[in-house]
Amino acid sequence: MTSLLAPAQRRLLLALVACAGLLGPHAQAQGRVEPYRYRLAFDLAVPAGWTAQPDLGGAALVVLSPLSAPGDRFRENLNVSVGPVPAGRSRAEAYRDSRAALRAGLAGFEVLKAEETTVGVRAAQRVVYEHTFGGQRLRALAYLILADGRAYTLTGTALAERFEAAQPAFEQMAHSFRLN
């Protein structure tokens, strides 16, 4: 099975991106004019009040929700990761590789739903999964898109009990994603 990243790189990326939501109350939310353009590679609509941070923790872009309360322990976040895809690799194969890496790198990893869909005009794999990080149960919604020899993975993560409230923002951002 060919992997998009070396095992050590995958573990580091997963840990750092998951930590993006664990920012304390000192982090302030800022509005962003839509769409957000990342290095002319892609556009993504960022909801008002959310903060876009490029090149954070190995992700091309991390978008953080505003704090919901002064003691907020976890900021919902959507991250966009970009990596090379070996020539001839299908989306199904890339998804299997990604799922295996997540299973190996995330405690209590469990796929809740997986389906094929589209994002804009691009075919995508959509998956909802849960895992435990820092003693907290997290739920994530991820889209995997292959284009031009690259894998674009958009992952929205929230505390499991707050996922339903965050899901519309995750879906809105994911469906606004456009390659340039």
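For region 84-180, what does the equivalent ellipsoid look like in terms of its semi-axes, each the square root of 5 times an eigenvalue of the Cα gyration tensor, given largest first in whole Å? Walk me through the numbers on the way to the answer.
Details: eigenvalues 105, 60, 19 Å².
Three semi-axes, in Å: 23, 17, 10.
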Quick one: which residues, 5 or more positions from residue 124 or on another chain, have an amide H under 5 Å from its amide H? H modelled 1.01 Å from N in the peptide plane, none for Pro or chain starts. 117, 118, 119
Amide H within-cut-off set for residue 75, under 5 Å, with H built and near neighbours excluded: 22, 23
Would you tally the net charge around residue 112, using a Cβ to Cβ cut-off of less than 15 Å, leaving residue 112 out, and scoring K and R as +1, D and E as -1? +1
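We did not get these values from a lab; they are worked out from the coordinates using the rules stated. For clarity, every value in this text was computed on a predicted model and none was experimentally measured. Ideal geometry is used to build each Cβ from the backbone, glycine not excepted, and the neighbour counts take in all protein chains shown.
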